[in-house]
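K.L.:
Please read through the structure below; I'll follow up with questions.
The values are calculated or read from the model by the stated rules, or taken from the named source; none is laboratory data. Since the structure is predicted, the reported quantities are computational estimates derived from the model, not experimental observations. Don't worry about glycine lacking a Cβ; one is built from the backbone with ideal geometry, like all the others, and counts go over all protein chains shown. Just so you know, the surface numbers come from the protein's heavy atoms only, side chains and all, with ligands and any DNA or RNA stripped out. Shrake-Rupley method; radii C 1.70, N 1.55, O 1.52, S 1.80 Å.
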Amino acid sequence: MQNRLDNQGRTRWKRFAAMIVPTTAAAGAILFGMSTGAIASDITVSGQTFKIGADRLEGEGFKQYGGIVREKGEDGKAGATRPVAMAEISSADLYNLCQSVRADLPGLPVVLTINAGEGKDPARAKDLVIAMDSLEGNATFTNIQIGRDASDLNPTAQRGSFGQNSDRVTIRDLKQVSRYTTSSTFNLVGLRLKVNVGDDAKGKECF
């Protein structure tokens with residue numbers, strides 16, 4: 001039993017560390033940047049979701065279509081395949097940005113939180129790509145086209161599948177559960193990172 005608990009602890013701390021390292025090492029990047037708008041086929045995700053919230057997202061060049069992400073199996077090979085909603089935004093301003101991830105240890109709640117863009121200057125992302133499980137908020141689209149072939153929006157998307165795009169999008173009270181995010185640049189104004197442990201972790205997720 002103790003070995004099983006120890007293994008669980010190590011696995012969760014590996015996931016936790018994967019969230020911390022890019023933030024501390026890249027001077028303003030939450031995860032890591034990709035100059036192209038597509039997820040490379042050789043990238044695997046942790047399998048753990050994280051939450052992103054914002055009072056308001058203002059985006060230019062919005063695209064959305066279906067996609068998949070792959071988890072890494074226990075043997076290091078390809079594991080489960082997860083369907084996701086893919087969203088691309090050429091440039092995005094996020095006001096009062098929050099990101100949180102649970103990294104509990106056995107008997108010990110742990111939540112990593114990242115906050116930025118809390119003042120007049122928002123967090124800013126370029127070439128933003130998001131693989132998400134869910135999205136909530138109040139959205140306004142400008143010049144939206146619904147029902148486009150997804151492969152016309154991104155050549156890596158499945159031909160004949162549903163897609164939509166708009167010149168501009170505004171989402172208020174954004175609540176998003178994601179599995180993967182990339183951006184060519186992510187500028188986090190007023191970055192605050194905190195590891196919340198035990199009683200301090202309760203209620204610290206973005207929503």
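K.L.:
Which condition breaks for Leu188 when tested against (1) of a type in the set (A, V, I, L, M); (2) out of contact with any helix residue (DSSP H, G or I) (no Cβ under 6 Å at 6 or more places or on another chain); (3) at pLDDT below 95?
P.N.:
The number of the failed condition is (3).
K.L.:
Could you list all residues from the range 127-151 that are in a strand (DSSP E or B) and small (Gly, Ala, Ser)?
P.N.:
Ala131, Ser134, Gly137, Ala139, Gly147
K.L.:
Further question on the same structure: Keeping to the range 181-193, report how many residues are assigned to a strand (DSSP E or B) and surrounded by 14 or more Cβ atoms within 10 Å (Cβ to Cβ).
P.N.:
Of the residues in the range 181-193, 6 are assigned to a strand (DSSP E or B) and surrounded by 14 or more Cβ atoms within 10 Å (Cβ to Cβ).
K.L.:
Among the candidates Glu60, Glu118, Glu74, which residue alone is surrounded by fewer than 18 Cβ atoms within 10 Å (Cβ to Cβ), over 15 Å from the mean Cα position of the chain (by Cα), at pLDDT 90 or above and part of a loop (DSSP other than H, G, I, E, B)?
P.N.:
Glu118
K.L.:
For the condition over 18 Å from Tyr65 (Cβ atoms) and of a type in the set (Phe, Trp, Tyr), what is the one hit in Phe141, Phe186, Phe162?
P.N.:
That would be Phe186, the only listed residue that is over 18 Å from Tyr65 (Cβ atoms) and of a type in the set (Phe, Trp, Tyr).
K.L.:
Pick from Ala80, Ala29, Ala38: which is farther than 29 Å from Arg148 by Cα, at pLDDT below 90 and either in a loop (DSSP other than H, G, I, E, B) or open to solvent by 30 Å² or more (accessible area, probe 1.4 Å) (or both)?
P.N.:
The match here is Ala29.
K.L.:
Here's a follow-up. Against the definition (open to solvent by 10 Å² or more (accessible area, probe 1.4 Å), assigned to a strand (DSSP E or B), modelled with pLDDT of 95 or more and within 25 Å of Leu193 (Cβ to Cβ)), how does Asn165 come out, yes or no?
P.N.:
Criteria not met by Asn165.
K.L.:
Kindly indicate whether Thr113 is part of a strand (DSSP E or B), surrounded by 15 or more Cβ atoms within 10 Å (Cβ to Cβ), modelled with pLDDT of 65 or more and hydroxyl-bearing (Ser, Thr, Tyr).
P.N.:
Yes: the conditions hold for Thr113.
K.L.:
Return a yes/no flag: does the range 120-135 have any residue that is touching a residue at least 24 places away in the same chain (Cβ under 8 Å), among the small types (Gly, Ala, Ser) and within 24 Å of Val195 (Cα to Cα).
P.N.:
Yes: one or more hits.
K.L.:
Tally up the residues in the range 194-207 that are crowded, with 20+ Cβ neighbours inside 10 Å and closer than 26 Å to Arg70 by Cβ, please.
P.N.:
Looking only at that region, the number is 1.
K.L.:
Please indicate, with yes or no, whether at least one residue in the range 43-56 is of a type in the set (Gly, Ala, Ser) and at pLDDT 95 or above.
P.N.:
Yes.
K.L.:
Checking the condition polar (S, T, N, Q), open to solvent by 70 Å² or more (accessible area, probe 1.4 Å) and either under 14 Å from Phe50 (Cβ atoms) or in a loop (DSSP other than H, G, I, E, B) (or both), which residue from Gln176, Gln158, Gln99 passes?
P.N.:
From the options Gln176, Gln158, Gln99, the qualifying one is Gln158.
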